[in-house]
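These notes are about the structure you will find just below.
Values quoted throughout were computed directly from the atomic coordinates according to the rules given, and no laboratory measurement underlies them. These figures come from a predicted structure and were not determined experimentally. Here the Cβ positions follow ideal geometry from the backbone for every residue, glycine too, while neighbour counts run over all protein chains shown.
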Amino acid sequence: MCSTRSDGRHLGGKPLGDHEGLAVLFEAARDGDRRALGRLAEALTPLLWQVARAQGLDRERSADAVQTAWLRLLGSLADIHTPRALTAWLVTVTKRVAWAMRTEQRSGELVGALPDDVVDPAPGPDEQAAFADRRVRLWAAVNRLSHRCRELLRVIAFVPRPDYADISAALDMPRGSIGPTRGRCLAQLRKQLLADDEGSWR
Amino acid sequence: MSRDDPDGPLGKLDDLDGRVLREVRWLWESLDPAPADLVDRIRFAVELEDSEVEVVRVIEHREVAGVRGDVHSRMITFAGGTVDFMVNVQARGDGTYRVDGWLSPPAPHEVEVRTPAGPLRTSANEDGRFALGRIPSGFVQFVIRPRGRTSAVSTPTMTL
């Protein structure tokens, strides 16, 4: 998935916050270009997937929740005026749909503090040991965070930088509060990671 | 460290914050990635020509093994605000599927099954029943167009 770990510049695939590209696609999609809408789906679905999963939905329902948000968008595109508003709209709807679906998912199946259907962070057979080890230690540090911090950082990590303010409402955080909350959560995580002698976080 | 991010007094990210967030993103992408075909399913779904779409939820999805072992069927139940429906999808053994459906409340609504090979259309009868004989394997999206309404009722894209 990620082959250039050492320089830290290509983690997680697509660059975050390619707003010019998104803006062009957004305009085309608003003009009825469904292929442009498909390309927007490619860019924003990784974020929406994490939003749905962070609500505790299983994988099948999470996929349906994300699809539902995109289908509902067909009727609302005309009311959305900026790519940032689009991201916030999709996050809000995905979250709302995921909440509604939670009530249909038996409580026993709800994913708790630790999703039990994520893959094991242990190394895969073809994986370089250093990357796997780094992931195991990062996973351990993330799991020592509070539930709220873990879920916030999980979603925020997929949000392009300029969208933070717009996304705060979508995450039920008043504007002006997501910054401090995120700051506290990040500070907790950094402290854990920097205390980790084995790691190379600096 | 300056703290002048407009979204909060402590909101300014430094380089290490940015790196940590990228690592967190990488962690979740590797531990809990979106299904590989999700974007393709969404792309297929949004090519729907309708603009007002009510999306039904999958309430139940049962797989039934046939008596002879070679026949495999699925019973899928969908619920929405306008119409609920159930489909029984049966493999025909030649790579295509037969679909029998029931709408509730029963009404002779138009039914479209979108497939990568193009849409298949039929109409439910007065009892809300419909059937389509040869649906190719691959993506499928059920779309009901209730009489007298402008919005369509659609399922998410599924794979047969």
Check: Average partner chain C-beta neighbours within 10 Å, per residue of A:75-86?
Finding: 1
Checklist line | Cβ neighbours within 10 Å from other chains - mean over B:47-55 | finding: 5
Notebook entry, point to check: In terms of the ratio Rg/(2.2 N^0.38 Å) built on C-alpha atoms, what value belongs to chain B?
Noted result: 1.44
Notebook entry, point to check: Can you give the angle from 0 to 90° between the axis of helix B:15-31 and the longest principal axis of chain B, with both taken from C-alpha atoms, to the nearest 10?
Noted result: 30 degrees
Checklist line | Over chain B: helical MRE at 222 nm, DSSP H runs n ≥ 4 each giving -39500 (n - 2.57), nearest 500 | finding: -5000 deg cm²/dmol
Item checked: Per-residue HN-Hα couplings for the range A:61-76 [Karplus 6.51, -1.76, 1.60; θ = phi - 60°; Hz; x = Gly/Pro] -> 5, 4, 4, 5, 5, 5, 4, 4, 4, 5, 5, 5, 4, 3, x, 10
Checklist line | Average beta-carbon neighbours from other chains, 10 Å sphere, peptide B:104-114 | finding: 0
